[in-house]
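The values are calculated or read from the model by the stated rules, or taken from the named source; none is laboratory data. Keep in mind that this is a model prediction, so the values were computed, not measured. Here the Cβ positions follow ideal geometry from the backbone for every residue, glycine too, while neighbour counts run over all protein chains shown.
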């Protein structure tokens, strides 16, 4: 039989062992990320219990503290899981997908609950959520085109201001606080709202930067492809 006439054998796809995939999902960084998702209902529960129109003062302040502590712990794991993944060589496709998703779910859930509690204006939350959804879509298109949109300094400032603002808004109540250099009654709601407004400003600036970077890189990729086809 001629060589060309021999039936070609289909190449078998090499599948990763289930044990290896399970080990990748439940490694330490990914476990921390999944813990961040799991704590979201408890943060929202604490926020709901801190409603001064429904519960007594001692109960609302205790619930606000619990919600803030859980949110702060979840925010710390956002830094910790990435650091562990890089330093322990435990980076994975699952982690790259879940880590930003967990961050957005946590922030979005808190922002929506703040509107329900009448502690943040609807227009501000709509702007912040629209920016997150838009940049996520832009990054998905960029990945499809074969390039990435790295975070810029404005985006990092946005994240820092947003997290600090949410901590203030979760604490909500005026509290006697001692910072060492300063002590007195702090209106955490007002402080949190100012920080969240600042995060919105940084958010819009970074969105413009992302769009400019996307257009610049996209045009460059298309030009390179056109030149390659002509050659």
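Computed quantities for the displayed model
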read-out	value
Residue check for residue 196: buried (at least 16 other Cβ atoms within 10 Å of the Cβ) and either modelled with pLDDT of 80 or more or more than 15 Å from residue 138 (Cβ to Cβ) (or both)	yes
Filter result (outside any loop (DSSP other than H, G, I, E, B), more than 20 Å from residue 207 (Cβ to Cβ) and in contact (Cβ under 8 Å) with a residue 40 or more places away in the chain) within the stretch 141-174	167, 169, 170, 171
Qualifying residue in the stretch 90-99 (condition: closer than 30 Å to residue 173 by Cβ and surrounded by 14 or more Cβ atoms within 10 Å (Cβ to Cβ))	no
Selected residue (only one of 129, 124 is in a helix (DSSP H, G or I), touching a residue at least 40 places away in the same chain (Cβ under 8 Å) and within 24 Å of residue 44 (Cβ to Cβ))	124
Some residue of the stretch 92-112 being part of a loop (DSSP other than H, G, I, E, B), free of Cβ contacts under 8 Å to residues at least 60 places away in the same chain and either at positive phi or out of contact with any strand residue (DSSP E or B) (no Cβ under 8 Å at 6 or more places or on another chain) (or both)	no
Complete set of residues in the stretch 73-85 that are free of Cβ contacts under 8 Å to residues at least 40 places away in the same chain and buried (at least 20 other Cβ atoms within 10 Å of the Cβ)	74
Index of the failed condition, residue 127 passing every other in (1) assigned by TED's automatic domain parsing to the domain that holds residue 45; (2) at pLDDT 85 or above	(1)
Sole residue being out of contact with any strand residue (DSSP E or B) (no Cβ under 6 Å at 6 or more places or on another chain), in contact (Cβ under 8 Å) with a residue 60 or more places away in the chain and not assigned by TED's automatic domain parsing to the domain that holds residue 219, chosen from 53, 88, 70, 138	88
